[in-house]
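Below is one structure, written out as structure tokens; the observations come after it.
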Amino acid sequence: MAKDTETMLDNAIHILHEYPLCDRCLGRLFAWLGTGTTNEHRGDSIKLVLFMIGDELLRKGERSPAEDYIRTLAGNGMMSSARRLAKKEKITFQLIEKCHLCTIDQSIFDRIPKIVQHIEEKLEGFEFDTFLVGSIPQPRLVENQDEICAKFNLLNSEPLKSAFNRELGKAVYDKLAKEVEFEKPDIVIIYNMEKEKIRLQVNPIFIFGRYLKLKRGIPQSRWDCGRCRGRGCEECKGTGRRYPDSVSEYIGLPALKITKATRFKVHAAGREDIDALMLGEGRPFVLELSEPKKRDLNLVELERIINQEADGKVEVHDLEFSERSRAQHLKKDASENIKEYVAIIATEEKVSDDLLREAEKLFTEIDIEQRTPTRVAHRRSDLVRVKHIYQVRLKRDKGYKLRGSFKVQGGTYIKELISGDKGRTRPSLAEVLRTPCVCTELNVTAIYTEKPDHNA
Ligand SMILES: [Zn+2]
Ligand SMILES: [Zn+2]
């Protein structure tokens, strides 16, 4: 066992006595000592000093300890100068070439040029600016190092994985001339030492934008046929779909094609009903494209292509590159945002102006309670949500119809606010106007992603 008074050099010769180590791995055991150099240089220097000590002992005529040093360095130290001296002095040693900490068949470090070549082949066709190299180390080599560190009480060693990642990263950098990026690399290259396999983790790209829905009857996301679940049946005429198109497909499919991504997902700030239009500035969304081959996009061009292919049904604008966190915020904030709607309301009986004013007054800065509407109960849990209504304005339209504009907290069910949904939403417009009311047309006209200042 190592004693506290032992120096790094004492430790090094004791370790080499027991284990064959290359320069890199010997140096790595003392990696945090001495800055501004490499592990290889550290190991080489330690061995050289030990060799000098051995040589000095030899010259002093202290044959037995000298032989011990030289035999160790020529054998487990794999040191050519020690081997030459050993031969000259007729000191027997074992010819060892396999380092205990980096070699199974071949040193993992010597494999690097070959690995870089494979990485280059794997990366073909991928457009990227930044990368990061990672690895899954050979468990046996990790165990070997842990064992030596415990046995010799080494506190300044560097793990194989981090030393290898650095070396491989440097080699990839030299070959590809791309930047290393630790926080958000475009591509992470992971080398599995045991399986000798390279895995690419191509990070997604995120594009923020706003969409308009200019035609009714389009769901936000692809809606499969409920009967066959997308396989195709008689009911859906083999299409596998309940609706032929969707807002997300109008946005995502052209982008998928251009970037050669494997998948896409549209994260939106809430959703409008299938039969509602999305007007005004549009609904904020973040388009996520998985494993894209092309990342360097012209977003003006993308916007043009999406709008052209959507043919007036859906429109996007304000596209800009974004991040995952924005997609997460969109979803989180959706129920806090303020939204504006315009609705056409059919009333069963004629409503007096006084009653309209009364309703406007009541629905000013008021909290309402909405139990999950019957029409969405199959996909949302049944509970009572409290929603804030900022403002309602009611105007007379043709016949018994009203035109209502609503400024409400995100997540408010407007159709139910109008009809009352058999008492599940309270208070409701129908309740206050004292006549059954039905929303016959609904448009979203504004979504505020940041809360306006109410005091202003
Ligand atoms: Zn080694
Ligand atoms: Zn079907």
Residues of segment 214-236 that turn out to be among the basic types (Lys, Arg) and near ligand 2 (Cβ under 8 Å from one of its atoms), as a count: 3
Evaluation of ALA343 against (1) more than 29 Å from the chain's Cα centre (by Cα); (2) open to solvent by 80 Å² or more (accessible area, probe 1.4 Å) (one fails), failing number: (2)
Condition check for ARG42: touching a helix residue (DSSP H, G or I) at 6+ places or on another chain (Cβ under 7 Å) and either at pLDDT 95 or above or within 16 Å of ligand 1 (Cβ to nearest atom) (or both): yes
Test: residue in segment 434-447 that is in a strand (DSSP E or B) and of a type in the set (Ser, Thr, Tyr): yes
Checking LYS265 against (1) at pLDDT below 95; (2) assigned to a strand (DSSP E or B), the condition it does not meet: (1)
Test: VAL351 is outside any strand (DSSP E or B), surrounded by fewer than 15 Cβ atoms within 10 Å (Cβ to Cβ) and aliphatic (A, V, I, L, M): no
Among the candidates LEU26, LEU16, residue that is aliphatic (A, V, I, L, M), within 38 Å of the chain's Cα centre (by Cα) and either closer than 30 Å to SER135 by Cα or open to solvent by 20 Å² or more (accessible area, probe 1.4 Å) (or both): LEU26
Top-ranked residue in segment 370-413 [being under 17 Å from GLU336 (Cβ atoms) and aliphatic (A, V, I, L, M); ranked as surrounded by the fewest Cβ atoms within 10 Å (Cβ to Cβ)]: VAL386
Hits in segment 328-340 - residues which are modelled with pLDDT of 80 or more and either part of a strand (DSSP E or B) or open to solvent by less than 30 Å² (accessible area, probe 1.4 Å) (or both): LEU330, ASN337, ILE338, LYS339, GLU340
Strands (runs of 3 or more DSSP E) lying entirely in segment 147-262 (those with 3 or more residues that are closer than 23 Å to ALA327 by Cα and open to solvent by less than 80 Å² (accessible area, probe 1.4 Å)): 205-213
Residue match in segment 298-308 (condition: in contact with a strand residue (DSSP E or B) (Cβ under 6 Å, 6 or more places away or on another chain) and assigned to a strand (DSSP E or B)): no
GLY34 more than 16 Å from ligand 1 (Cβ to nearest atom) and within 25 Å of ALA150 (Cβ to Cβ): yes
Among (1) free of Cβ contacts under 8 Å to residues at least 60 places away in the same chain; (2) in contact with a Pro (Cβ under 8 Å, 6 or more places away or on another chain), the one test that GLN370 misses: (2)
Among residues of segment 186-243, those that are farther than 28 Å from LEU141 by Cβ and polar (S, T, N, Q), counted: 4
Residue that is farthest from ligand 2 (Cβ to nearest atom), among those in segment 1-59 that are within 26 Å of GLU89 (Cβ to Cβ) and in contact with an Asp or Glu (Cβ under 6 Å, 6 or more places away or on another chain): ASP44
Selection status of ARG424, open to solvent by 40 Å² or more (accessible area, probe 1.4 Å), over 16 Å from LEU356 (Cα atoms) and of a type in the set (D, E, K, R): yes
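The values are calculated or read from the model by the stated rules, or taken from the named source; none is laboratory data. This structure is a prediction, so every number in the text was calculated from the model and none was measured. Backbone-built Cβ (ideal geometry, glycine too); neighbour counts: all protein chains shown. Calculation scope for accessible area: heavy atoms of the full protein, side chains included, ligands and nucleic acids excluded. Shrake-Rupley method; radii C 1.70, N 1.55, O 1.52, S 1.80 Å.
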